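FYI, it's all coordinate maths here, none of it is from the lab. Small disclaimer: the values here were computed from a predicted structure and weren't measured. With ideal geometry, Cβ positions are generated from the backbone for all residues, glycine too; neighbour counts draw on all protein chains shown.
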Amino acid sequence: MKWNYFGLWLLLVLGLAVIVGFAFIPNDFSIGSYTLKKAPIKAALFPEDTFLADSIAEAADSVALVEAEIAAKPAETDTVPKSILLFGDSMTYNLALRLSSYAAQNGHTLHAVNWDSSNTKIWADTDTLLYYMKKYNADFIFISLGSNELYFKKPEARLPYVRKILEMIGDRPYVWIGPPNWKEDSGINDMLQATCAPGAFFRSAGMEFKRKKDNIHPTREASALWIDSIMRWIPKSRHPILADFPSDSLGKVKTNVIFLKARNK
């Protein structure tokens, strides 16, 4: 009799395990013309994650509408030369090479900090950003972060770090340059757009890039075109600054870049 009950309980446990496991599969399962619908077990177990992800998606849509209004009625361009700080991951260096020409053309100064393999957590958990903003008396910020978090299954988990970075930047005008997607992301761009102030996020996803052999990093030439696109957009951004196209007469411009060693994520 005990063995009969044991077998029954074993079948029940196995059945429950199959149902729960199926609930965590990303898509519904189909056999021929029949589709098995998942029970909402995952959402019940992780309601906050589900709610947060949905909230981010809705917020991104709302921000996109405000950004369209800003672009339709752009703010007046600030003609005062800026002390620009560009910081971020390994995308930063090639961006700085072209941005330095725009800085020279328009009377700005540019300093860049390239931190290989860095992400929002690394920058939020250190005082590196505060140090360089103070060192260069930066009054306009370009951020190049998100590429090393493109694959994260729960990009909403990085939200506190993004908020911390923006808190450190304070009331300084900034542009967050979104990652140059080489494949579909799982929501990092939506999260960044929803968190940044309207008109302060440049969405790079969807752009075409010639890439290096790793098929991830845009080439130097592609990065220059990337900056050209960003600077054409600047007059329609939240804080327009002088962004005239560099003259051929500029010649070679010195780029001030500091390289930081990669560290564990």
Dipole of the stretch 51-260 (Lys/Arg Cβ +1, Asp/Glu Cβ -1, origin at the Cα centre): which of Met191, Ser101, Ala157 lies farthest to the positive side? Ser101
Using a Förster distance of 30 Å, the FRET efficiency for Lys135-Lys252 (Cβ separation, nearest 0.05): 0.75
From the cross-link list Lys153/Lys261; Lys153/Lys236; Lys82/Lys134; Lys154/Lys212; Lys212/Lys236; Lys82/Lys252, which pairs have alpha carbons spaced over 23 Å apart? Lys153/Lys261; Lys153/Lys236; Lys154/Lys212; Lys212/Lys236
Please list, in chain and number order, the residues 5+ apart from Phe140 or on another chain whose amide H is under 5 Å from its amide H, with Hs placed from the backbone. Ser83, Leu85
Counting residues in the stretch 51-260 as N, plug N into 2.2 N^0.38 Å and put the Cα Rg over that result. 0.96
Using amide H atoms built 1.01 Å from N in the peptide plane, name the residues 5+ places from Ile258, or on other chains, whose amide H lies under 5 Å from its own. Ala112, Val113, Asn114
Ranked by Cβ crowding within 10 angstrom, fewest neighbours first, how are Thr195, Thr77, Thr92, Thr109 ordered? Thr77, Thr109, Thr195, Thr92
